[in-house]
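One structure is given here, and the rest of the page talks about it.
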Amino acid sequence: MSLCLAVVGLLLLARGVAASNAAVGLGQASRDPLSVPRWLYVATGGVTIGASALLASFVTDRRFVLSIHRRQETLPDAETAYCVAAGALKLLGLVLLALVVYRGLVGPQIPTVNLAVVVVFAGMRAGLTMFAYLVGNPWPALNPWRTVAERLPNGFLDYPERFGRWPAVAGLLALVWVETTTPVTNDPELLAAAVAAYSVLTVAGALAVGVDDWFRNVDPVSVFFAFYGRAAPVSRADGRLRLRLPGMRLVGDDGYGDESGSESADPTWGMDDVAFAVALVWELTYSGFVTTAQGGAFVRALVGVGLPAVVVYGGLFLAGFAAFYGAYVLAARVSADRLRTYREARELAVRFAPALLAIAAGYHLAHYLAFFVSLSPSLLAVLASPLSVPPNPLVLTLPAWVGALNIGFVLGGHLLAIWVAHSTAYRLFPSRLQAIESQYPFVFVMMAYTAISLWLISLPTASPPFLP
């Protein structure tokens with residue numbers, strides 16, 4: 001999403017090149033009738049998560065738990081190679097940004113062959129995001145707006161610390177609003193204009209309050225990649241690349257990593273970070289819902305009583321986010337009340353929130369892997385000849401069993417999240433019983449998230465109604 005209209009690219013809902021594909025994985029999983037009742041299919045996933053939590057509660061050896069999430073390898077020193085690679089990524093980011101704007105304006109206005117649409121959605125929204133949590137976060141180097149801003153005088157104003165990362169949360173929600181109410185996913189010219197406008201806004205903001213503060217707290221695209229990057233096995237700390245087990249960097253109290261790619265010295269998250277993590281889970285759930293036949297019927301019913309479509313989509317997104325966020329905060333309060341611990345509900349909410357990133361990564365992989373693979377030939381074609389139209393654009397048709405992998409991705413993300421929560425609990429509480437019991441409300445919320453996601457996988461897909 002380097003050239004993502006961050007105003008939108010971050011949250012592909014489902015149209016244009018992504019048409020029928022923003023939730024491609026969800027759709028493919030349900031095109032063939034399920035061999036078991038849907039209620040049993042969904043309940044099985046929920047029970048699986050619950051059973052895994054019970055199994056995790058039997059792992060009570062603190063030294064073993066600590067050894068798992070602290071196990072790491074320092075990769076051979078290759079500072080020169082790293083600097084060269086970072087420099088190449090900076091140049092690539094600038095070139096891609098220029099190409100997206102240029103080709104969006106003068107290229108063919110056909111989404112499946114226009115470089116701007118294919119690169120932003122297939123390359124950045126799907127591919128780069130998967131790379132961020134499966135391998136490591138390359139965005140700090142690739143970010144073209146940071147590359148420009150850090151070479152100019154900046155930091156003329158002080159960023160208000162009380163704002164925290166709430167601007168990034170608001171930005172993430174705003175991206176969905178813009179994306180769901182405008183045809184940016186199938187209109188290359190509009191996409192190019194949005195990318196250009198976002199570029200001006202981002203660079204101006206970074207120059208005003210300083211590069212680090214802006215990209216760490218305000219820019220939703222940078223925060224998006226930084227959060228997902230926390231789940232990756234590869235990170236950079238103290239000038240060295242380090243390799244850890246997937247998801248284990250989510251355990252601990254060292255923040256989510258700074259924009260340079262290094263581990264953060266910030267000791268804790270805040271409720272703004274909790275809200276952003278919940279938003280990552282909810283936006284994919286929302287995207288999956290509105291691209292199902294049932295979701296479309298629900299929207300039509302509300303529009304049928306006189307509500308404008310944009311209000312329905314916006315209200316549904318905000319109400320769903322509030323429900324997801326409220327459920328998580330309620331779990332923290334229940335946990336604190338049951339344990340009668342000196343740790344407040346807010347602290348528990350903050351400390352268990354990184355586990356949500358594992359859930360979001362599982363959702364994203366289920367949501368976009370098939371989409372990325374099917375459009376990878378088109379992506380390679382436009383990158384190989386960026387200034388010409390691909391003669392024979394190819395979109396792969398994937399076998400049905402690929403869609404079935406989505407179930408494993410969703411459950412895998414939740415299983416990892418439960419282990420992260422389990423390890424976090426043992427860092428927080430001296431009593432084993434407290435450590436185990438503190439997880440139950442959060443596991444219950446995770447089970448609900450799982451059941452909803454698996455239910456969406458089981459539904460047939462359809463294009464969202466009333467959208468341009």
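The values are calculated or read from the model by the stated rules, or taken from the named source; none is laboratory data. Owing to the predicted nature of the structure, the values given are computational and were not obtained by experimental measurement. When we count neighbours, we look across all protein chains shown, and the Cβ atoms used for this are built from the backbone with ideal geometry, even at glycine.
Some notes on this structure:
- Residue in the range 283-295 that is crowded, with 24+ Cβ neighbours inside 10 Å and of a type in the set (Val, Ile, Thr) present: yes
- Tabulated pairs, the range 288-315, first more than 19 Å from Leu173 (Cα to Cα) and touching a residue at least 60 places away in the same chain (Cβ under 8 Å), second part of a loop (DSSP other than H, G, I, E, B) and among the hydroxyl-bearing types (Ser, Thr, Tyr), C-beta under 9 angstrom, 6+ apart or interchain: Thr292/Ser30; Gly296/Ser463
- Subset of the range 111-139 (residues that are surrounded by fewer than 23 Cβ atoms within 10 Å (Cβ to Cβ) and closer than 13 Å to Thr185 by Cβ): Pro111, Thr112
- Among the residues of the range 412-442, just one is over 19 Å from Met248 (Cβ atoms), surrounded by 21 or more Cβ atoms within 10 Å (Cβ to Cβ) and either of a type in the set (D, E, K, R) or at pLDDT below 85 (or both), namely Ser438.
- Residue match in the range 396-409 (condition: crowded, with 18+ Cβ neighbours inside 10 Å, modelled with pLDDT under 85 and under 30 Å from Val310 (Cβ atoms)): yes
- Options Ala332, Ala345; residue that is touching a residue at least 12 places away in the same chain (Cβ under 8 Å), out of contact with any strand residue (DSSP E or B) (no Cβ under 7 Å at 6 or more places or on another chain) and crowded, with 23+ Cβ neighbours inside 10 Å: Ala332
- Boolean, Leu387 is outside any helix (DSSP H, G or I), modelled with pLDDT of 80 or more and not small (Gly, Ala, Ser): yes
- Selection of helices (runs of 4 or more DSSP H) fully inside the range 56-140 by the criterion of at least 1 residues being at pLDDT 75 or above and basic (Lys, Arg) returns 79-106.
- Pro430 fulfils the conditions (1) in contact with a helix residue (DSSP H, G or I) (Cβ under 9 Å, 6 or more places away or on another chain); (2) not in a helix (DSSP H, G or I) except for a single criterion, (1).
- Cβ pairs under 6 Å, 6+ apart, first in the range 375-393 and more than 15 Å from Val100 (Cα to Cα), second polar (S, T, N, Q): Pro393/Thr112; Pro393/Ser378
- Being under 24 Å from Tyr286 (Cα atoms), at pLDDT 95 or above and part of a helix (DSSP H, G or I) is a property that holds for Ser222.
- Flag for Val218 being within 29 Å of Phe317 (Cα to Cα) and touching a helix residue (DSSP H, G or I) at 6+ places or on another chain (Cβ under 6 Å): yes
- Flag set for Val200, criterion: surrounded by fewer than 17 Cβ atoms within 10 Å (Cβ to Cβ) and either at pLDDT below 85 or farther than 24 Å from Trp419 by Cα (or both).
- The residue pairs whose first member lies in the range 152-178 and is under 23 Å from Ser287 (Cβ atoms), whose second member is charged (D, E, K, R) and assigned to a loop (DSSP other than H, G, I, E, B), and whose beta carbons are closer than 9 Å, counting only pairs six or more residues apart or on different chains, are Pro167/Asp219; Ala168/Asp219; Gly171/Asp219.
- Single residue of Ala358, Ala404, Ala370 found to be under 30 Å from Val100 (Cα atoms), assigned to a helix (DSSP H, G or I) and either in contact with a Phe, Trp or Tyr (Cβ under 7 Å, 6 or more places away or on another chain) or among the aliphatic types (A, V, I, L, M) (or both): Ala370
- Filter pass, Ala336 being within 29 Å of Pro430 (Cα to Cα), part of a helix (DSSP H, G or I) and touching an Asp or Glu at 6+ places or on another chain (Cβ under 8 Å): yes
- Among residues of the range 161-197 being of a type in the set (A, V, I, L, M) and within 17 Å of the chain's Cα centre (by Cα), the one that is surrounded by the most Cβ atoms within 10 Å (Cβ to Cβ) is Ala168.
- Residue within the range 147-155 that is touching a Lys or Arg at 6+ places or on another chain (Cβ under 8 Å) and on the phi < 0 side of the Ramachandran plot present: yes
- So Gln109, is it under 25 Å from the mean Cα position of the chain (by Cα) and polar (S, T, N, Q): no
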